[in-house]
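Encoded as C-alpha coordinates, the structure appears first; notes follow it.
The values are calculated or read from the model by the stated rules, or taken from the named source; none is laboratory data. This one's a predicted model, so the numbers in the text were calculated from it and none came from an experiment. Counting neighbours? That spans all protein chains shown, and the Cβs are built from the backbone with ideal geometry, glycine included.
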Amino acid sequence: MVNGVLYASDGVGLVEAFDAKTGKTLWVQRPFAPTLAEAAGYSTRGVAYWPGDGQARIFGYHGSYLYALDAQSGKACQDFGEHGRVNLRFPGSDSPFHTSGGPLIVGDVVVVGGVGGGRRGGDYGDQMKSVPEAVRAYDAKTGKPLWEFSPMPAKGDPARETWGAGSADVAGGMGPYGTLSADEQLGYVYLPLKTPTPPVWGGWRPGDNLYSTSLVAVDVHTGKKVWYFQLVHHDLWHWDAAAPPILGDITVDGHRIKAVMQTGKNALLYTLDRVTGKPVWPIVERPVPQSTIPGEHSAATQPFPTRPAPLAHQGFTPDDVIDFTPQLHDEALEIIKRYNYGPAFTPPSLYDSAPGGKKGTLTMPGTDGGCNWNCGAFDPETDTYYTIAVNVVADYAAEKPTTDGATMEWRMREDDPTVWMVPGPQGLPLNKPPYGVLEAINMDTGEFRWQVPNGDGPRDNPLLKDLHLPRLGLPGRAARW
(Lines give C-alpha, C1' and ligand atoms only; values in the text may rest on other atoms or scores of the structure.)
Protein backbone atom coordinates (compact mmCIF):
# COMPACT_ATOMS: atom_id res chain seq x y z
CA MET A 1 0.00 0.00 0.00
CA VAL A 2 1.41 3.38 -1.04
CA ASN A 3 -0.21 6.77 -0.39
CA GLY A 4 -3.57 5.21 0.40
CA VAL A 5 -3.61 2.96 -2.67
CA LEU A 6 -3.54 -0.82 -2.32
CA TYR A 7 -1.93 -2.79 -5.14
CA ALA A 8 -2.48 -6.52 -5.48
CA SER A 9 -2.35 -9.44 -7.88
CA ASP A 10 -5.87 -10.70 -8.59
CA GLY A 11 -7.07 -14.26 -9.10
CA VAL A 12 -5.67 -14.49 -12.65
CA GLY A 13 -2.43 -12.66 -11.85
CA LEU A 14 -3.32 -9.23 -13.26
CA VAL A 15 -2.48 -6.27 -11.01
CA GLU A 16 -5.32 -4.19 -9.58
CA ALA A 17 -5.23 -0.90 -7.68
CA PHE A 18 -7.79 -0.04 -4.99
CA ASP A 19 -8.62 2.96 -2.85
CA ALA A 20 -7.61 1.56 0.54
CA LYS A 21 -10.28 3.57 2.36
CA THR A 22 -13.32 2.77 0.19
CA GLY A 23 -12.27 -0.39 -1.67
CA LYS A 24 -13.10 1.28 -4.98
CA THR A 25 -11.20 -0.13 -7.95
CA LEU A 26 -8.93 2.51 -9.46
CA TRP A 27 -7.50 0.47 -12.34
CA VAL A 28 -6.94 -3.07 -13.56
CA GLN A 29 -3.98 -4.20 -15.63
CA ARG A 30 -5.01 -4.95 -19.20
CA PRO A 31 -3.74 -8.16 -20.82
CA PHE A 32 -0.81 -7.66 -23.16
CA ALA A 33 -2.98 -8.80 -26.06
CA PRO A 34 -6.77 -9.36 -26.31
CA THR A 35 -6.52 -13.15 -26.16
CA LEU A 36 -7.51 -15.73 -23.58
CA ALA A 37 -3.93 -16.97 -23.43
CA GLU A 38 -2.71 -13.51 -22.38
CA ALA A 39 -5.57 -12.91 -19.93
CA ALA A 40 -5.57 -16.27 -18.15
CA GLY A 41 -3.30 -17.01 -15.23
CA TYR A 42 -3.16 -17.41 -11.46
CA SER A 43 -2.52 -15.18 -8.47
CA THR A 44 1.20 -14.59 -8.07
CA ARG A 45 0.90 -13.58 -4.41
CA GLY A 46 2.75 -10.31 -4.57
CA VAL A 47 3.66 -7.13 -6.43
CA ALA A 48 6.43 -4.56 -5.86
CA TYR A 49 6.59 -0.75 -5.84
CA TRP A 50 9.36 1.44 -7.28
CA PRO A 51 9.18 5.20 -6.59
CA GLY A 52 11.19 5.84 -9.73
CA ASP A 53 12.42 9.18 -11.00
CA GLY A 54 9.07 10.87 -11.40
CA GLN A 55 7.13 7.86 -12.67
CA ALA A 56 6.35 5.41 -9.88
CA ARG A 57 5.97 1.83 -11.08
CA ILE A 58 4.30 -1.37 -9.95
CA PHE A 59 6.10 -4.58 -10.88
CA GLY A 60 4.30 -7.91 -11.09
CA TYR A 61 4.35 -11.27 -12.80
CA HIS A 62 1.81 -12.54 -15.29
CA GLY A 63 2.39 -15.79 -17.11
CA SER A 64 6.13 -16.03 -17.80
CA TYR A 65 6.68 -12.26 -17.88
CA LEU A 66 7.77 -9.48 -15.53
CA TYR A 67 5.61 -6.38 -16.11
CA ALA A 68 6.28 -2.73 -15.27
CA LEU A 69 3.08 -0.70 -14.86
CA ASP A 70 2.54 3.01 -14.28
CA ALA A 71 1.39 3.27 -10.65
CA GLN A 72 -1.21 5.97 -11.46
CA SER A 73 -2.81 4.52 -14.56
CA GLY A 74 -1.90 0.82 -14.61
CA LYS A 75 -0.68 1.13 -18.19
CA ALA A 76 2.39 -0.79 -19.27
CA CYS A 77 5.59 1.30 -19.22
CA GLN A 78 6.63 1.15 -22.86
CA ASP A 79 10.28 1.95 -22.15
CA PHE A 80 10.68 -1.15 -19.98
CA GLY A 81 11.83 -4.28 -21.79
CA GLU A 82 9.66 -5.01 -24.82
CA HIS A 83 6.61 -2.73 -24.56
CA GLY A 84 6.45 -3.04 -20.80
CA ARG A 85 7.52 -6.58 -20.08
CA VAL A 86 10.49 -8.97 -19.90
CA ASN A 87 10.29 -12.68 -20.74
CA LEU A 88 11.30 -14.82 -17.73
CA ARG A 89 11.08 -18.29 -19.27
CA PHE A 90 14.38 -20.09 -18.73
CA PRO A 91 16.26 -20.71 -21.99
CA GLY A 92 15.94 -24.30 -23.15
CA SER A 93 13.07 -25.09 -20.76
CA ASP A 94 9.71 -26.56 -21.72
CA SER A 95 8.15 -25.31 -18.47
CA PRO A 96 6.57 -21.90 -17.80
CA PHE A 97 8.01 -19.51 -15.22
CA HIS A 98 6.41 -19.89 -11.79
CA THR A 99 6.76 -18.23 -8.39
CA SER A 100 5.03 -18.00 -5.02
CA GLY A 101 6.28 -14.48 -4.27
CA GLY A 102 6.44 -11.13 -6.00
CA PRO A 103 9.51 -9.38 -7.43
CA LEU A 104 11.90 -7.61 -5.07
CA ILE A 105 12.93 -3.95 -5.47
CA VAL A 106 16.33 -2.93 -4.07
CA GLY A 107 17.15 0.64 -5.03
CA ASP A 108 16.82 0.74 -8.81
CA VAL A 109 17.20 -3.01 -9.21
CA VAL A 110 14.39 -5.52 -9.71
CA VAL A 111 15.40 -8.96 -8.43
CA VAL A 112 13.47 -11.97 -9.74
CA GLY A 113 13.48 -15.47 -8.28
CA GLY A 114 11.10 -18.13 -9.56
CA VAL A 115 11.32 -21.61 -11.00
CA GLY A 116 10.47 -23.44 -14.20
CA GLY A 117 13.60 -25.33 -15.19
CA GLY A 118 11.74 -28.35 -16.47
CA ARG A 119 13.12 -31.30 -18.38
CA ARG A 120 15.30 -30.81 -21.40
CA GLY A 121 13.30 -31.69 -24.48
CA GLY A 122 10.12 -32.29 -22.48
CA ASP A 123 11.17 -35.79 -21.46
CA TYR A 124 9.56 -36.56 -18.11
CA GLY A 125 11.32 -39.91 -18.06
CA ASP A 126 14.71 -38.29 -17.44
CA GLN A 127 14.29 -35.66 -14.75
CA MET A 128 18.00 -35.66 -13.99
CA LYS A 129 18.59 -33.68 -17.16
CA SER A 130 16.92 -30.42 -16.22
CA VAL A 131 17.45 -26.78 -17.08
CA PRO A 132 19.22 -24.94 -14.24
CA GLU A 133 17.17 -22.12 -12.79
CA ALA A 134 18.62 -18.78 -11.74
CA VAL A 135 17.98 -15.54 -9.88
CA ARG A 136 18.05 -12.54 -12.20
CA ALA A 137 18.25 -8.78 -11.80
CA TYR A 138 16.96 -6.06 -14.12
CA ASP A 139 17.22 -2.27 -14.33
CA ALA A 140 13.92 -0.93 -12.96
CA LYS A 141 13.82 1.82 -15.60
CA THR A 142 14.79 -0.01 -18.79
CA GLY A 143 14.38 -3.71 -18.05
CA LYS A 144 18.00 -4.27 -19.07
CA PRO A 145 19.47 -7.47 -17.57
CA LEU A 146 22.06 -6.62 -14.90
CA TRP A 147 23.20 -9.97 -13.53
CA GLU A 148 22.27 -13.59 -13.01
CA PHE A 149 23.06 -15.92 -10.12
CA SER A 150 22.94 -19.65 -10.81
CA PRO A 151 22.48 -21.99 -7.82
CA MET A 152 24.68 -24.46 -9.68
CA PRO A 153 28.31 -23.57 -8.83
CA ALA A 154 30.30 -22.52 -11.87
CA LYS A 155 33.43 -24.30 -12.98
CA GLY A 156 36.27 -23.18 -10.76
CA ASP A 157 34.03 -22.74 -7.71
CA PRO A 158 35.13 -25.31 -5.07
CA ALA A 159 31.44 -25.93 -4.34
CA ARG A 160 31.12 -27.65 -7.72
CA GLU A 161 33.10 -30.54 -6.24
CA THR A 162 30.05 -31.32 -4.08
CA TRP A 163 28.39 -32.67 -7.25
CA GLY A 164 29.93 -36.03 -8.05
CA ALA A 165 29.71 -38.27 -11.12
CA GLY A 166 29.47 -35.30 -13.48
CA SER A 167 26.01 -34.42 -12.15
CA ALA A 168 26.79 -30.69 -12.14
CA ASP A 169 26.70 -30.79 -15.94
CA VAL A 170 23.11 -32.03 -16.12
CA ALA A 171 21.35 -31.15 -12.85
CA GLY A 172 18.77 -28.40 -12.76
CA GLY A 173 16.11 -26.83 -10.60
CA MET A 174 17.17 -25.21 -7.31
CA GLY A 175 15.74 -21.73 -8.02
CA PRO A 176 13.84 -19.92 -5.23
CA TYR A 177 10.07 -20.08 -5.73
CA GLY A 178 9.22 -18.13 -2.57
CA THR A 179 9.79 -14.55 -1.47
CA LEU A 180 13.28 -13.03 -1.54
CA SER A 181 14.53 -10.54 1.05
CA ALA A 182 17.12 -7.76 1.03
CA ASP A 183 19.08 -5.54 3.39
CA GLU A 184 19.36 -2.28 1.44
CA GLN A 185 22.01 -0.86 3.78
CA LEU A 186 24.29 -3.85 3.29
CA GLY A 187 23.30 -4.22 -0.36
CA TYR A 188 22.65 -7.95 0.13
CA VAL A 189 19.84 -10.05 -1.31
CA TYR A 190 18.95 -13.30 0.48
CA LEU A 191 17.99 -16.26 -1.70
CA PRO A 192 16.13 -19.28 -0.24
CA LEU A 193 16.94 -22.07 -2.72
CA LYS A 194 15.15 -25.33 -3.37
CA THR A 195 15.93 -28.99 -4.05
CA PRO A 196 17.60 -30.31 -7.20
CA THR A 197 15.31 -32.02 -9.70
CA PRO A 198 14.32 -34.71 -8.91
CA PRO A 199 14.30 -35.24 -5.14
CA VAL A 200 13.95 -38.62 -3.35
CA TRP A 201 16.51 -40.35 -5.60
CA GLY A 202 19.98 -38.80 -5.58
CA GLY A 203 22.24 -41.70 -6.43
CA TRP A 204 23.21 -39.93 -9.66
CA ARG A 205 24.39 -36.79 -7.78
CA PRO A 206 26.75 -37.92 -4.97
CA GLY A 207 27.89 -35.22 -2.56
CA ASP A 208 26.27 -32.40 -0.58
CA ASN A 209 25.04 -30.69 -3.79
CA LEU A 210 25.71 -27.02 -3.09
CA TYR A 211 23.90 -24.63 -3.35
CA SER A 212 20.68 -26.63 -3.27
CA THR A 213 18.37 -26.24 -0.23
CA SER A 214 20.52 -23.36 0.97
CA LEU A 215 20.28 -19.72 1.98
CA VAL A 216 22.65 -17.66 -0.16
CA ALA A 217 23.45 -13.96 0.23
CA VAL A 218 24.47 -12.13 -2.96
CA ASP A 219 25.58 -8.57 -3.69
CA VAL A 220 22.66 -6.69 -5.24
CA HIS A 221 24.95 -4.72 -7.55
CA THR A 222 26.90 -7.65 -8.98
CA GLY A 223 25.03 -10.86 -8.18
CA LYS A 224 28.22 -12.26 -6.65
CA LYS A 225 27.89 -14.69 -3.75
CA VAL A 226 28.78 -13.18 -0.36
CA TRP A 227 28.08 -16.21 1.85
CA TYR A 228 25.92 -19.33 2.00
CA PHE A 229 24.50 -21.78 4.50
CA GLN A 230 23.12 -25.15 3.42
CA LEU A 231 20.06 -26.27 5.37
CA VAL A 232 19.95 -29.84 4.02
CA HIS A 233 22.87 -31.78 2.56
CA HIS A 234 22.07 -33.97 -0.49
CA ASP A 235 18.35 -33.28 -0.16
CA LEU A 236 16.23 -36.41 -0.65
CA TRP A 237 13.00 -35.12 0.94
CA HIS A 238 12.05 -32.13 -1.23
CA TRP A 239 12.68 -29.92 1.79
CA ASP A 240 13.12 -26.63 -0.06
CA ALA A 241 14.19 -23.49 1.80
CA ALA A 242 10.74 -22.25 0.85
CA ALA A 243 9.96 -19.61 3.47
CA PRO A 244 11.01 -15.96 3.08
CA PRO A 245 14.29 -15.05 4.78
CA ILE A 246 13.11 -12.89 7.68
CA LEU A 247 15.41 -10.00 8.61
CA GLY A 248 15.49 -8.52 12.09
CA ASP A 249 17.87 -7.15 14.69
CA ILE A 250 18.01 -9.20 17.89
CA THR A 251 19.92 -8.97 21.19
CA VAL A 252 21.72 -12.15 22.25
CA ASP A 253 23.82 -12.20 25.42
CA GLY A 254 23.91 -8.41 25.40
CA HIS A 255 25.08 -8.12 21.77
CA ARG A 256 22.92 -6.55 19.05
CA ILE A 257 22.98 -8.77 15.98
CA LYS A 258 21.72 -8.16 12.45
CA ALA A 259 20.02 -11.51 11.95
CA VAL A 260 18.34 -13.44 9.17
CA MET A 261 15.92 -16.17 10.20
CA GLN A 262 15.40 -18.93 7.66
CA THR A 263 13.15 -21.96 7.78
CA GLY A 264 11.75 -24.23 5.12
CA LYS A 265 9.96 -27.46 4.57
CA ASN A 266 12.08 -29.27 7.18
CA ALA A 267 10.68 -26.86 9.82
CA LEU A 268 14.00 -26.09 11.51
CA LEU A 269 14.73 -22.41 12.11
CA TYR A 270 18.29 -21.39 11.22
CA THR A 271 19.28 -18.06 12.79
CA LEU A 272 22.30 -16.48 11.12
CA ASP A 273 24.21 -13.23 11.24
CA ARG A 274 23.01 -11.66 8.00
CA VAL A 275 26.33 -9.85 7.50
CA THR A 276 28.58 -12.88 7.76
CA GLY A 277 26.30 -15.92 7.51
CA LYS A 278 27.64 -17.27 10.81
CA PRO A 279 25.15 -19.02 13.15
CA VAL A 280 23.88 -16.93 16.05
CA TRP A 281 23.56 -20.07 18.17
CA PRO A 282 25.53 -23.24 17.40
CA ILE A 283 24.26 -25.31 14.48
CA VAL A 284 25.77 -28.76 14.90
CA GLU A 285 26.33 -31.55 12.41
CA ARG A 286 24.77 -34.73 13.77
CA PRO A 287 24.85 -38.27 12.34
CA VAL A 288 21.61 -39.27 10.60
CA PRO A 289 20.24 -42.61 9.31
CA GLN A 290 21.75 -43.78 6.04
CA SER A 291 20.03 -44.87 2.86
CA THR A 292 19.47 -48.55 2.14
CA ILE A 293 18.81 -47.97 -1.58
CA PRO A 294 21.62 -49.43 -3.72
CA GLY A 295 23.69 -46.67 -5.27
CA GLU A 296 22.35 -43.88 -3.04
CA HIS A 297 24.80 -41.56 -1.28
CA SER A 298 22.88 -39.97 1.59
CA ALA A 299 24.75 -37.43 3.72
CA ALA A 300 26.41 -38.80 6.85
CA THR A 301 25.38 -35.77 8.92
CA GLN A 302 22.85 -32.94 8.79
CA PRO A 303 22.90 -29.47 10.43
CA PHE A 304 20.70 -29.15 13.53
CA PRO A 305 20.08 -25.75 15.16
CA THR A 306 20.52 -25.86 18.94
CA ARG A 307 18.11 -22.92 19.24
CA PRO A 308 15.22 -22.55 18.68
CA ALA A 309 13.72 -26.02 19.02
CA PRO A 310 12.13 -27.49 15.85
CA LEU A 311 9.03 -25.70 14.62
CA ALA A 312 7.33 -28.98 13.69
CA HIS A 313 7.68 -32.64 14.65
CA GLN A 314 10.77 -34.40 13.32
CA GLY A 315 10.79 -38.01 12.13
CA PHE A 316 8.21 -40.73 12.78
CA THR A 317 8.05 -43.72 15.17
CA PRO A 318 5.24 -45.90 16.59
CA ASP A 319 5.08 -43.50 19.55
CA ASP A 320 3.70 -40.86 17.15
CA VAL A 321 0.59 -42.75 15.95
CA ILE A 322 -2.90 -41.54 16.74
CA ASP A 323 -4.19 -42.72 20.13
CA PHE A 324 -7.58 -41.07 20.71
CA THR A 325 -9.09 -44.55 21.25
CA PRO A 326 -7.50 -48.01 21.58
CA GLN A 327 -9.17 -49.08 18.31
CA LEU A 328 -7.78 -46.14 16.34
CA HIS A 329 -4.37 -46.71 17.88
CA ASP A 330 -4.35 -50.40 16.91
CA GLU A 331 -5.49 -49.61 13.35
CA ALA A 332 -2.74 -47.03 12.99
CA LEU A 333 -0.13 -49.53 14.17
CA GLU A 334 -1.32 -51.94 11.50
CA ILE A 335 -1.00 -49.25 8.81
CA ILE A 336 2.59 -48.39 9.66
CA LYS A 337 3.66 -52.04 9.37
CA ARG A 338 3.64 -51.44 5.61
CA TYR A 339 6.39 -48.82 5.90
CA ASN A 340 9.84 -48.06 7.17
CA TYR A 341 10.25 -45.16 9.60
CA GLY A 342 12.76 -43.55 11.92
CA PRO A 343 14.12 -40.31 13.41
CA ALA A 344 14.70 -37.01 11.60
CA PHE A 345 16.29 -37.31 8.16
CA THR A 346 15.50 -41.02 7.75
CA PRO A 347 15.99 -41.41 3.97
CA PRO A 348 13.49 -42.68 1.41
CA SER A 349 13.51 -46.45 0.85
CA LEU A 350 12.64 -48.79 -1.99
CA TYR A 351 9.00 -49.38 -2.84
CA ASP A 352 8.12 -53.07 -2.82
CA SER A 353 4.95 -53.79 -4.79
CA ALA A 354 4.72 -57.39 -3.53
CA PRO A 355 2.01 -58.21 -0.97
CA GLY A 356 3.38 -57.39 2.45
CA GLY A 357 6.31 -55.47 0.97
CA LYS A 358 7.38 -52.14 2.43
CA LYS A 359 5.86 -49.16 0.60
CA GLY A 360 8.50 -46.58 1.49
CA THR A 361 9.53 -44.46 4.48
CA LEU A 362 7.20 -42.51 6.74
CA THR A 363 8.51 -39.22 8.06
CA MET A 364 7.59 -35.77 9.30
CA PRO A 365 7.63 -33.07 8.08
CA GLY A 366 5.93 -34.20 4.90
CA THR A 367 6.55 -33.34 1.27
CA ASP A 368 4.47 -30.17 1.52
CA GLY A 369 6.65 -29.13 4.42
CA GLY A 370 6.40 -28.30 8.06
CA CYS A 371 6.85 -24.68 6.90
CA ASN A 372 6.39 -23.37 3.37
CA TRP A 373 6.32 -20.16 1.31
CA ASN A 374 3.76 -18.58 3.67
CA CYS A 375 5.74 -18.93 6.92
CA GLY A 376 7.49 -16.36 9.05
CA ALA A 377 7.06 -12.81 10.36
CA PHE A 378 9.08 -10.72 12.81
CA ASP A 379 8.02 -8.08 15.33
CA PRO A 380 10.97 -5.67 15.80
CA GLU A 381 9.47 -4.16 18.96
CA THR A 382 9.47 -7.45 20.90
CA ASP A 383 12.05 -9.39 18.82
CA THR A 384 9.44 -12.10 18.30
CA TYR A 385 9.34 -14.48 15.34
CA TYR A 386 5.89 -15.77 14.39
CA THR A 387 5.08 -18.68 12.13
CA ILE A 388 2.70 -21.49 11.40
CA ALA A 389 3.87 -25.10 11.22
CA VAL A 390 2.27 -28.32 10.04
CA ASN A 391 2.58 -31.85 11.40
CA VAL A 392 1.53 -34.44 8.81
CA VAL A 393 3.08 -37.74 7.76
CA ALA A 394 4.38 -38.35 4.24
CA ASP A 395 5.70 -41.42 2.47
CA TYR A 396 8.97 -41.24 0.55
CA ALA A 397 9.93 -44.07 -1.79
CA ALA A 398 12.05 -44.86 -4.81
CA GLU A 399 11.15 -47.70 -7.14
CA LYS A 400 13.15 -49.96 -9.39
CA PRO A 401 12.62 -48.73 -12.94
CA THR A 402 9.85 -49.94 -15.20
CA THR A 403 10.63 -47.36 -17.90
CA ASP A 404 13.19 -48.35 -20.53
CA GLY A 405 16.52 -46.70 -19.85
CA ALA A 406 15.53 -45.28 -16.45
CA THR A 407 18.02 -45.42 -13.60
CA MET A 408 15.45 -45.15 -10.82
CA GLU A 409 11.86 -44.01 -10.47
CA TRP A 410 10.60 -42.14 -7.47
CA ARG A 411 7.24 -41.66 -5.85
CA MET A 412 5.70 -39.79 -2.94
CA ARG A 413 2.34 -40.12 -1.14
CA GLU A 414 1.98 -43.80 -2.10
CA ASP A 415 -1.45 -44.21 -0.56
CA ASP A 416 -3.20 -41.32 -2.28
CA PRO A 417 -1.38 -39.08 -4.79
CA THR A 418 -4.09 -36.43 -4.50
CA VAL A 419 -3.20 -35.53 -0.89
CA TRP A 420 -0.02 -34.43 0.85
CA MET A 421 -0.19 -36.94 3.71
CA VAL A 422 -0.53 -40.67 4.37
CA PRO A 423 -4.14 -41.36 5.49
CA GLY A 424 -4.56 -42.84 8.92
CA PRO A 425 -7.29 -45.07 10.39
CA GLN A 426 -10.79 -44.43 9.04
CA GLY A 427 -9.68 -41.29 7.24
CA LEU A 428 -8.24 -39.58 10.31
CA PRO A 429 -4.61 -38.44 10.46
CA LEU A 430 -2.05 -41.15 11.10
CA ASN A 431 -0.24 -39.18 13.80
CA LYS A 432 -1.09 -37.48 17.08
CA PRO A 433 -2.05 -33.80 17.16
CA PRO A 434 -1.46 -30.93 16.92
CA TYR A 435 -1.74 -31.05 13.13
CA GLY A 436 -1.11 -27.35 12.71
CA VAL A 437 0.18 -24.70 15.11
CA LEU A 438 0.75 -20.98 15.47
CA GLU A 439 4.03 -20.24 17.22
CA ALA A 440 5.86 -17.29 18.74
CA ILE A 441 9.59 -17.37 19.54
CA ASN A 442 11.64 -14.90 21.57
CA MET A 443 14.58 -14.44 19.21
CA ASP A 444 16.73 -12.83 21.93
CA THR A 445 16.78 -16.17 23.74
CA GLY A 446 15.67 -18.72 21.15
CA GLU A 447 12.88 -19.88 23.48
CA PHE A 448 9.22 -20.33 22.53
CA ARG A 449 6.88 -17.72 23.94
CA TRP A 450 3.86 -19.87 23.07
CA GLN A 451 2.48 -22.52 20.70
CA VAL A 452 -1.24 -23.02 20.03
CA PRO A 453 -3.21 -25.23 17.62
CA ASN A 454 -4.42 -23.15 14.67
CA GLY A 455 -8.00 -24.37 14.40
CA ASP A 456 -10.35 -27.15 15.39
CA GLY A 457 -8.97 -29.81 13.07
CA PRO A 458 -10.91 -33.10 13.02
CA ARG A 459 -12.23 -32.93 16.60
CA ASP A 460 -15.83 -32.82 15.29
CA ASN A 461 -15.32 -36.06 13.33
CA PRO A 462 -18.09 -38.54 14.31
CA LEU A 463 -15.42 -40.86 15.73
CA LEU A 464 -14.06 -38.11 18.00
CA LYS A 465 -16.88 -35.69 18.79
CA ASP A 466 -17.95 -37.47 21.99
CA LEU A 467 -14.39 -37.24 23.36
CA HIS A 468 -14.71 -33.46 23.81
CA LEU A 469 -11.18 -32.87 22.55
CA PRO A 470 -9.49 -29.45 22.54
CA ARG A 471 -8.45 -27.77 19.29
CA LEU A 472 -6.33 -30.17 17.24
CA GLY A 473 -4.98 -27.78 14.60
CA LEU A 474 -5.43 -27.71 10.84
CA PRO A 475 -3.15 -29.96 8.75
CA GLY A 476 -2.57 -27.39 6.04
CA ARG A 477 -1.26 -23.91 5.25
CA ALA A 478 -4.03 -21.98 7.00
CA ALA A 479 -2.93 -19.35 9.52
CA ARG A 480 -6.05 -18.69 11.57
CA TRP A 481 -7.27 -19.26 15.12
What strands (runs of 3 or more DSSP E), lying completely within the stretch 175-247, carry at least 3 residues that are in the same structural domain as GLY116 (by TED's automatic domain parsing) and among the aromatic types (Phe, Trp, Tyr)? 225-230
Flagged in the stretch 5-53 as crowded, with 16+ Cβ neighbours inside 10 Å and in contact with a helix residue (DSSP H, G or I) (Cβ under 8 Å, 6 or more places away or on another chain), in numbering order, are LEU14, PRO31, PHE32
Enumerate the strands (runs of 3 or more DSSP E) found wholly within the stretch 49-99, keeping only those where 1 or more residues are closer than 21 Å to ASP10 by Cβ and free of Cβ contacts under 8 Å to residues at least 24 places away in the same chain. 65-70
Among the residues of the stretch 260-279 satisfying the criterion of being in a loop (DSSP other than H, G, I, E, B) and in contact with a Lys or Arg (Cβ under 8 Å, 6 or more places away or on another chain), which is nearest to ASN442 (Cα to Cα)? ARG274
Residue under evaluation ALA394, criteria (1) modelled with pLDDT under 95; (2) over 21 Å from the mean Cα position of the chain (by Cα), criterion not met: (2)
All-but-one check, VAL275 against (1) aliphatic (A, V, I, L, M); (2) surrounded by fewer than 17 Cβ atoms within 10 Å (Cβ to Cβ); (3) modelled with pLDDT under 95, failing number (3)
Residue list for the stretch 319-365, filter: under 16 Å from ALA397 (Cα atoms) and polar (S, T, N, Q): ASN340, THR346, SER349, SER353, THR361, THR363
Right, GLU439: within 25 Å of the chain's Cα centre (by Cα) and buried (at least 21 other Cβ atoms within 10 Å of the Cβ) or not? yes
Do the conditions hold for PHE32, that is, is it assigned to a strand (DSSP E or B) and either of a type in the set (D, E, K, R) or over 28 Å from LYS194 (Cβ atoms) (or both)? no
When you scan the stretch 442-460, how many residues do you find that are buried (at least 17 other Cβ atoms within 10 Å of the Cβ) and within 30 Å of GLN327 (Cα to Cα)? 6
Tally of residues being aliphatic (A, V, I, L, M), modelled with pLDDT of 95 or more and over 28 Å from the mean Cα position of the chain (by Cα) across the stretch 34-67: 1
Among (1) in contact with a Phe, Trp or Tyr (Cβ under 6 Å, 6 or more places away or on another chain); (2) closer than 28 Å to ASN374 by Cβ; (3) in a strand (DSSP E or B), where does PHE304 come up short? (1)
Working only within the stretch 1-36, note down all residues that are among the small types (Gly, Ala, Ser) and free of Cβ contacts under 8 Å to residues at least 12 places away in the same chain. GLY23, ALA33
Qualifying positions in the stretch 313-334 - surrounded by 18 or more Cβ atoms within 10 Å (Cβ to Cβ) and touching a residue at least 60 places away in the same chain (Cβ under 8 Å): HIS313, PHE316, ASP320, VAL321, ILE322, PHE324, LEU328, ALA332
Could you list all residues from the stretch 134-174 that are β-branched (Val, Ile, Thr) and either part of a helix (DSSP H, G or I) or surrounded by fewer than 23 Cβ atoms within 10 Å (Cβ to Cβ) (or both)? THR142, THR162, VAL170
Going by the structure shown, is ALA17 assigned to a loop (DSSP other than H, G, I, E, B), of a type in the set (A, V, I, L, M) and over 17 Å from TYR138 (Cβ atoms)? no
Being modelled with pLDDT under 95 and charged (D, E, K, R) narrows it down to one residue among ASP319, ASP352; which is it? ASP352
